[in-house]
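A quick write-up on the structure given underneath.
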Amino acid sequence: MTPARVACRVLALAAVVLGMRGAASAQFGGFQAGLQTFSPSVPVHVQIRTSSPTDLAVDAIPVPVTVVLAIRRNNSFIRLDELRAKPVRTVRDGIHPDLERGLLHDVRIGTLPRGYYVLAIHAGTGSSGLLVDVTSLGVLATRTPHGVVAFAVDLQTMHALPDVIVERYAADAQAPQTRKTSSDGTASFDDTPGAEVPVTSFVARGADGSAAVAQGAGASGAAPGDDENGVVQIDRPIYRPGHRVEYRAIVRDGMAGAYAIPAGTRTVSLRDSEGRIVYTAQRELDAFGTVSGEIPLASDARLGTYTIMVGYPEQSRVAAEFSVQDYVKPEFTIDVTPPATTVGGDELRFSANARYLFGRPAAGLRLRYTGYYRAPYVWWRHGDPFRGASYDAGPPPVSGNVTVDAAGHATIAVRTPAVH
């Protein structure tokens with residue numbers, strides 16, 4: 001196999017960066033706007049999956065925030081040969097899957113100074129890259145009824161960071177709006193009524209040299225209700241057809257640390273188990289951003305899971321589910337207690353206790369039981385953690401009947417399969 005084919009096979013599969021967040025995939029020949037964040041104290045770690053041996057080199061190339069901002073704002077694809085800066089570190093390694101466990105190979109870049117980098121991965125004549133940020137600063141942005149709020153946090157403690165410089169770039173603006181976060185870590189940006197600002201980008205700069213780039217919706221770039229969150233409370237989780245559902249919803253606008261109490265009218269709707277809207281009403285939020293009421297269920301309501309939603313039409317993010325069933329209120333309870341341990345092949349004895357809801361034993365009650373066997377993952381018995389033979393379907397389910405005594409007690413005995 002030629003080096004070029006090896007490179008394609010290696011880099012076209014995946015190159016995963018392990019840091020504060022999840023995984024990212026590399027693109028052959030360049031990189032996109034995907035970003036991974038690392039703490040300055042955490043070594044940068046690249047994990048490559050391949051089944052073919054090859055030699056590779058990883059260059060850590062610093063990139064300015066202006067380039068990162070252009071990538072994030074335009075969601076563009078930048079080729080590695082367009083980068084002009086020299087690598088601050090190069091790590092050379094070889095991949096030999098036949099000598100390693102599994103197909104994942106670790107490449108440790110080590111700790112890097114604060115800043116943005118492209119990790120350029122070269123194998124043979126092929127290359128790929130990942131964009132990473134070494135920083136202790138994180139920033140989020142959200143839309144509120146009065147504009148846009150940016151929230152800066154310390155990624156180590158998740159505490160709000162004051163005195164962070166935040167720059168807001170509109171899609172068609174040349175110069176950014178600049179604000180400094182207050183004691184609660186927030187910086188507010190007002191929007192001009194009726195202004196068309198579909199997408200805005202934010203750059204946060206900390207006193208320690210950390211930087212972070214984020215995107216947020218502008219004044220008219222997000223539909224009403226996109227940033228609303230909350231909770232719907234109902235008086236119980238299950239109803240019968242013909243019952244009335246009592247609900248209360250608490251609605252907030254924005255994000256944690258920058259919530260605002262919304263006002264105005266919201267739509268309360270109910271979707272049945274088949275996805276059809278069977279109830280809708282307009283309700284006014286009170287001074288606390290809450291709304292409450294009752295929803296009647298039809299006497300012939302379909303059984304299944306229902307969803308109550310509060311918000312704008314087609315944008316209801318505040319919701320809760322409940323069940324509608326043709327049930328009978330129970331008159332007694334049954335507690336089943338298994339033994340602490342049982343040796344495979346011995347009889348497994350469960351203790352059952354039945355009593356009426358008013359406390360009296362349910363003497364003479366006939367119980368029907370069904371037991372299922374589930375095999376454990378016992379690779380250590382075979383000495384090989386990669387063998388799948390340890391999974392056994394086991395014996396078929398067992399079932400039977402038992403009658404409780406005058407005290408409401410009964411014992412259920414089940415034979416267990418022997419251990420080999």
request  = State which residue pairs qualify: first residue open to solvent by 40 Å² or more (accessible area, probe 1.4 Å) and inside region 60-74, second residue among the acidic types (D, E) and at pLDDT below 90 in any location, beta carbons under 7 Å apart, and separation of 6 or more residues or different chains.
outcome  = none
note = Counted residues in region 314-349 being at pLDDT below 90 and open to solvent by 90 Å² or more (accessible area, probe 1.4 Å) come to 9
task = Mind telling me which of the residues T305, T267 ends up being modelled with pLDDT of 90 or more and open to solvent by 50 Å² or more (accessible area, probe 1.4 Å)?
result = T305
task = Could you check, for region 86-98, whether at least one of its residues is open to solvent by 80 Å² or more (accessible area, probe 1.4 Å), at pLDDT below 85 and either of a type in the set (D, E) or under 22 Å from A212 (Cβ atoms) (or both)?
result = yes
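Name the single residue that is most open to solvent (accessible area, probe 1.4 Å) among those in region 170-221 being among the aliphatic types (A, V, I, L, M) and modelled with pLDDT under 65.
Kept after step one, since they are among the aliphatic types (A, V, I, L, M), are these residues of region 170-221: 170-171, 173, 175, 187, 195, 197, 199, 203-204, 207, 211-214, 217, 219.
Subsequent filtering for residues that are modelled with pLDDT under 65 retains 173, 195, 197, 199, 217, 219.
Working: A173: 35, A195: 31, V197: 21, V199: 66, A217: 35, A219: 42 Å².
Going through the qualifying residues, I end up with V199.
Could you check region 228-277 and list, in sequence order, the residues that are basic (K, R) and within 16 Å of T305 (Cβ to Cβ)?
Taking region 228-277 first, the residues basic (K, R) are 236, 240, 244, 248, 252, 266, 271, 276.
Within region 228-277, R236, R240, R271, R276 qualify.
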message = Based on this model, can you work out whether A418 counts as at pLDDT 50 or above and under 18 Å from R349 (Cα atoms)?
response = yes
inquiry  = Return the residues of region 33-51 that are at pLDDT below 80 and more than 16 Å from I121 (Cα to Cα); say none if nothing qualifies.
reply    = A33, S51
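The values are calculated or read from the model by the stated rules, or taken from the named source; none is laboratory data. Remember, predicted model here, so these are calculated numbers, not experimental data. Heads up, the Cβs are rebuilt from the backbone with ideal geometry, glycines too, and the neighbour counts pull from every protein chain shown. With ligands, DNA and RNA removed, areas are computed over all heavy atoms of the protein, side chains included. Shrake-Rupley method; radii C 1.70, N 1.55, O 1.52, S 1.80 Å.
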